[in-house]
Amino acid sequence: MKANLIITAVQQACDKDRETNLDFSIAKIHEAASLNADIVVLPELHLGPYFCQDENYNNFELAQAIPGPTTEILSAVAKKLSIVIVATIFEKRAPGLYHNTAVVFDKDGSIAGKYRKMHIPDDPGFYEKYYFTPGDLGFKPIETSVGKLGVLICWDQWFPEAARLMALAGAELLIYPTAIGWDPEDISEEQQRQLNAWITIQRSHAVANGIPVIACNRIGFEQAPNSTAGINFWGNSFITGPQGEIIDCADATESKLVTASIDGSRIERVRQIWPYLRDRRIDAYSDLTKRFID
């Protein structure tokens with residue numbers, strides 16, 4: 001990994017049309033480039049409102065191919081600004097076959113790789129199983145000119161197995177584009193518990209694997225179709241160091257470029273001091289491949 005890596009995460013609202021949202025994202029990418037950022041991360045499915053609040057086959061029209069129109073635009077931006085971009089796209093792989101896919105653009109504008117979301121939720125307001133086929137690319141880091149990126153997406157962030165496998169495969173950063181928020185009908189104490197759990201689990205991935213974590217969420221209330229209900233996306237994007245220490249963060253409502261400078265040599269030092277990978281009892285973990293142990 002580059003010795004001194006500047007990382008940014010764009011916290012933004014995504015409730016407008018595709019062109020407006022993309023223009024805002026690109027403006028923020030330019031801002032990140034002005035700060036000499038090496039990597040900029042955009043929220044999950046940042047091109048439009050979170051369409052998975054209901055099951056509507058018309059929403060499949062939002063999907064696009066990879067490569068496709070959006071990847072062409074972001075590729076040109078990455079090349080012009082010499083910056084690595086992480087963006088997620090509703091991918092149309094084939095008729096009837098769709099994925100929630102992260103695309104990584106390298107500094108030369110090339111597509112360095114992609115990751116298809118592996119864990120697909122199916123909960124009230126998050127009906128993703130209707131739209132997305134589980135990923136088939138595995139937990140493999142994407143190699144770029146600035147380092148190996150362990151890119152995962154939203155619901156993946158709750159699973160320590162995914163973070164561990166990325167780390168074991170050589171990931172030097174864990175990156176989570178996200179679209180997560182509150183049900184406005186929940187009491188404030190429950191909302192705070194949910195937010196605290198979200199922050200804690202991701203900081204724990206940094207600690208357990210000795211590598212930084214970037215969590216990039218959207219903000220704003222998005223009403224569900226034909227309903228007064230909706231999701232209040234809670235923002236709180238953050239970047240941690242390899243011991244889970246928060247370097248920079250945003251609040252629940254602000255559009256912000258969350259930025260951190262990462263010292264690559266410190267990551268190695270932390271892993272030497274806290275050698276979790278050395279002391280893993282791989283001979284005793286075979287039951288992890290079971291659904292449940294009776």
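Leaving out ligands and nucleic acids, note down the accessible area per residue over the chain with a 1.4 angstrom probe, in whole Å². Intermediate values should be presented prior to the final figure.
Details: 13370 Å² over 294 residues.
Spelled out: the 1.4 Å probe surface of the chain, per residue, equals 45 Å².
What number, rounded to the nearest 500 deg cm²/dmol, is the helix-based mean residue ellipticity at 222 nm of the chain, given -39500 (n - 2.57) per DSSP H run of at least four residues and division by all its residues? Kindly include the intermediate steps, with their values, before the conclusion.
Details: 6 runs with 75 residues, N = 294.
Calculated from helices alone, the mean residue ellipticity at 222 nm is -8000 deg cm²/dmol.
Carbon and sulfur together cover what percent of the accessible area of region 212-294 at a 1.4 Å probe radius? Before the final figure, lay out the partial values.
Working: 2520 of 4890 Å².
Accessible surface attributable to carbon and sulfur in region 212-294 totals 52 percent.
Would you kindly state how much longer the chain becomes between ILE293 and SER145 on full extension, computed as 0.36 nm times their sequence separation minus their alpha carbon distance, in nm to one decimal?
49.0 nm
Heavy atoms only, probe 1.4 Å: what % of the accessible area of region 20-82 goes to carbon and sulfur, would you let me know?
Working: 1480 of 2720 Å².
Ligands and nucleic acids excluded, carbon and sulfur give 54 percent.
As an exercise, take the mean of 1/r over every pair of distinct alpha carbons in region 161-294, invert it, and state the Kirkwood radius in angstroms. If you can, show how the numbers build up before the last one.
Numbers: mean 1/r = 0.0596 Å⁻¹.
By the Kirkwood definition, the hydrodynamic radius is 16.8 Å.
Reachable lysines from LYS2, Cα under 28 Å, same-chain residues fewer than 8 places away excluded?
Leaving aside lysines fewer than 8 places away in the same chain, those within reach of LYS2 are LYS28, LYS79, LYS80, LYS107, LYS114, LYS117, LYS140, LYS148, LYS256.
How large is log10 I(q)/I(0) at q = 0.15, 0.22 Å⁻¹ when the Debye formula is applied to the Cα atoms of region 220-294, each weighted equally and without solvent?
Normalising to I(0) and taking log10 leaves -0.82, -0.96.
Would you mind pulling out the separation of the Cα centroids of region 101-162 and region 26-69, in Å?
13 Å
Report the relative contact order of the chain, percent, no decimals, based on alpha-carbon pairs under 8 angstrom and at least 6 residues apart. Kindly include the intermediate steps, with their values, before the conclusion.
On the way: 651 pairs, mean separation 57.5, N = 294.
Once normalised by length, the contact order is 20 percent.
Taking R0 as 25 Å, what FRET efficiency do you get between ALA76 and THR228 from their Cβ-Cβ distance, rounded to the nearest 0.05? Write out the running numbers ahead of the final one.
On the way: r = 41 Å, r/R0 = 1.63.
Plugging the Cβ-Cβ distance into 1/(1 + (r/R0)^6) gives 0.05.
What whole-number volume per residue, in cubic angstrom, does the convex hull of the C-alpha atoms of region 215-264 give?
Values: hull volume 4.0 nm³, N = 50.
Hull volume over Cα atoms, normalised by residue count, gives 80 Å³.
When all C-alpha to C-alpha distances in the chain are sorted into bins of 5 Å, what percent of pairs does each bin hold, rounded to whole numbers?
With a bin width of 5 Å, the distribution comes to 1, 6, 12, 17, 19, 17, 13, 8, 4, 1, 0, 0.
Summing +1 for each Lys or Arg and -1 for each Asp or Glu, what net charge is found among the other residues whose Cβ lies under 15 Å from the Cβ of HIS119?
Values: positive: ARG116, LYS117, LYS129, ARG164, ARG291; negative: GLU44, ASP122, ASP123, GLU128, ASP136, ASP156, GLU161.
Around HIS119, the charge tally is -2.
For the chain, which longest stretch is free of loop sites, where a loop site is one of the GluC sites (Glu not before Pro) that DSSP puts outside H, G, I, E and B and that has at most 16 other Cβ atoms within 10 Å? Could the numbers behind the result be given before it?
Details: sites that count: GLU55, GLU185, GLU245, GLU254.
Result, exposed sites excluded: 56-184.
For region 175-236, report the translational diffusion coefficient in µm²/s to the nearest whole number, using Stokes-Einstein at 4 °C, 1.567 mPa s, and a Kirkwood Rh over Cα pairs. Spell out each step's value before the answer.
Details: Rh = 12.8 Å.
Using the Kirkwood radius from Cα pairs, D works out to 101 µm²/s.
What are the radius of gyration and Dmax of region 14-70, computed over its Cα atoms and given in Å?
13.5, 42
Restricting things to Cα coordinates, could you compute the convex hull volume per residue of region 1-98 in Å³?
Taking only Cα atoms, region 1-98 has a hull volume of 112 Å³ per residue.
For SER34, what charge total do you get from the other residues with a beta carbon under 14 Å from its beta carbon, if Lys and Arg give +1 and Asp and Glu give -1?
Details: positive: LYS28, LYS80; negative: GLU31, ASP38.
For residues surrounding SER34, the net value is 0.
I'd like to verify something in the chain: which complete DSSP H helices, judged by Cα projection on the helix axis, reach 27 Å or more and average at least -1.0 on the Kyte-Doolittle scale? Provide the component values of the computation, followed by the final result.
Working: long enough: 188-209 (32 Å, -0.95).
Correct list, ordered by number: 188-209.
Could you check the spin-label model distance between ILE282 and THR253? Points 7 Å from the Cα along Cα→Cβ, value in nm.
5.0 nm
Multiplying the sequence separation of GLN64 and ARG269 by 0.36 nm and subtracting their Cα-Cα distance, what value in nm do you get?
On the way: separation 205, 0.36 × 205 = 73.80 nm, distance 4.26 nm.
Once the chain is fully extended between GLN64 and ARG269, it gains 69.5 nm.
The values are calculated or read from the model by the stated rules, or taken from the named source; none is laboratory data. Predicted model, so just to flag it, every value in this text is computed and none were measured. Ideal geometry is used to build each Cβ from the backbone, glycine not excepted, and the neighbour counts take in all protein chains shown. Quick note on the areas: whole protein, heavy atoms, side chains included, nothing else; ligands and nucleic acids left out. Shrake-Rupley method; radii C 1.70, N 1.55, O 1.52, S 1.80 Å.
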